[in-house]
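We did not get these values from a lab; they are worked out from the coordinates using the rules stated. All of these numbers come straight from a predicted model, not from anything done at the bench. Quick reminder, even Gly has a Cβ in these numbers, built from the backbone with ideal geometry, and neighbours come from all protein chains shown.
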Amino acid sequence: SEYGGETLHGPAYGPTSHSTAASSTPSSSSAFRHVVPSRQIVERQPRMLDFRVEYRDRNVDVVLEDSSTVGDIKHILENELQIPASKMLLKGWKTGDVDDSTVLKSLHLPKNNSLYVLTPDLPPPSSSHSGALQESLNQNFMLIITHREVQREYNLNFSGSSTIQEVKRNVYDLTSIPVRHQLWEGWPPSATDDSMTLAVSGVTFPCHRLTVGRRSSPVQTREQSEEQCTDVHMVSDSDGDDFEDATEFGVDDGEMFGVASSALRKSPMMPENAENEGDALLQFTAEFSSRYGDCHPVYFIGSLEAAFQEAFYGKARDRKLLAIYLHHDESVLTNVFCSQMLCAESIVSYLSQNFITWAWDMTKEANRARFLTMCTRHFGSVVAQTIRTQKTDQFPLFLIIMGKRSSNEVLNVIQGNTTVDELMMRLMAAMEIFSAQQQEDIKDEDEREARENVKREQDEAYRISLEADRAKREAQEREMAEQFRLEQIRKEQEEEREAIRLSLEQSLPPEPKEESTESVSKLRIRTPSGEFFERRFLASNKLQVVFDFVASKGYPREEYKLLGTFPRRDVTQLDPNKTLLEVKLYPQETLFLEAKE
């Protein structure tokens, strides 16, 4: 097809098999290259918070933007733990009042947080058997299914919680054999009901072999089928003429057991009209893990612009390609592509090392229109029109994007009708183009950094010279300022000491006269410099009066000891509230002052 004068080549649509060699090369595949101007990203990057939530013997990791609420965490846990959100008590918050409407940003949380779930209204597990069953439900089973007529083998991964009915529906997608016409060999005798989960069906862990074929006669009875093959599991519950032409009356194969095909999935991959792309990607990742197991690409949680920032705008050595996975639940290729291609260990490892992987669900019309708007903004109308014209059964799509200096370039559009080998070949071909461009960018960046280093060294030498002059000048100024400060402190201390001395001097009781009729004690005090001063005190004066007198002469008690001679004693250690008569400083005594150490 042609858009705006450009011819876009797409691969022929149709089923592929492992026995058919890939005849196309990267140059003849669905890749096209269209250069559009890049957009300046001005959106503030959301702050992501990591929560490890413990429930009984399980740990669930939850990643959310800080604009989310506590209720959003419960909604994710509801899907992971299969516990109603209304029955959960989410504990471990550092703050007080927290309810489902509380916005995480208002709690001022660190990046990594630990919480735990209490369910007081739910009974505890009854026995160790329930624990073993829960472990089996969480395990992944590999079903090796041989299509008898074409002798082709499929290796399908299913979680233990998947039902036999879901397996048969997936096999219908692969083989085009309706569920009611499937003839099975290899199911264990305990697998008696299509509603049973693999965990309780008795299939061998981790791998179990099965064979499927098409019933030879639509009207064949159950007894005839069992005669032909004794190891056949439930050829159908819809045998006979009543259901032979059911599709002609609008009855879907998934409804033959009273279950609509859409009901086989617990919830959509992505909510419709999500407020931000980060929330949508969180549900997408959780639902993808629930359906296809934990071995899958690590999907970037955030907006498409944030994915660009992560992939394209770091240092040249750290840049990666951007892979955009476009999911569609109504495509017959989706289950096979997800379980066999995206969940293959080689693909997961290669994407992890070399790509930033971003995903979007195109099933809902609102989400489809939202992505096409983003696509037009970032890649141009030609790419958007190409995706818009893709038929449902051509999905899923895998877009490989390379960021360049002034553009975002679509290197390849890979459709869902591919194989693991072909997908790996396309990814490696894109990496070759990217690596060549990356080496040029690294060379340019190194040359630019070398020039900037020379300029930085020159600027640094000049700065150091100026800094040395400034430091010398500042040192002189600091020295002068320090001297001035110390002089000020000394003056202030002297003024303070003088004020205290005068205050003490004025507070002293008057010196009694020699002819006083009261008992008078005469004290002679020797200073450290050898000087003496004398004063008379009333024998009834308290010892504190002597201390105040000595301090008024410039010898405070905190700095000097007042010592007696015979016997030698430290008068400053005596009770200051006792009188001179009580401390035996009467009628006269010679004391001397000594500076404390």
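Among 305-311, 489-495, 412-418, 387-393, what's the highest-first ranking by average C-beta atoms within 10 angstrom per residue?
So the peptides 305-311, 489-495, 412-418, 387-393, ranked by packing, come out 412-418, 305-311, 387-393, 489-495.
If you find the alpha carbon centre of segment 453-481 and of segment 305-357, how far apart are they in angstrom?
52 Å
Checking the a/c ratio against 1.5 first, then a/b against b/c, what shape does the Cα gyration tensor give for segment 520-595?
rounded
Tell me the trypsin sites (Lys or Arg not before Pro) within segment 558-597 that lie in a loop according to DSSP and have at most 15 other beta-carbon atoms within 10 Å.
Sparse-neighbourhood loop trypsin sites (Lys or Arg not before Pro): ARG568, LYS578, LYS584, LYS596.
Do any of LYS391/LYS443; LYS105/LYS364; LYS105/LYS391; LYS94/LYS320; LYS491/LYS561 go past 32 Å between their Cα atoms, and which?
LYS391/LYS443; LYS105/LYS391; LYS94/LYS320
How much FRET efficiency would the formula 1/(1 + (r/R0)^6) give for ARG377 and VAL98, where r is the Cβ-Cβ distance and R0 is 35 Å, rounded to 0.05?
Approximately 0.40, to the nearest 0.05.
Place the peptides 424-437, 463-476 in order of packing, highest mean first, counting for every residue the other Cβ atoms within 10 Å and averaging per peptide.
Order by mean packing, descending: 424-437, 463-476.
In terms of the Cα gyration tensor, with a ≥ b ≥ c the square roots of its eigenvalues, is segment 308-428 rounded because a/c is under 1.5, prolate because a/b exceeds b/c, or oblate?
In terms of gyration-tensor shape, oblate.
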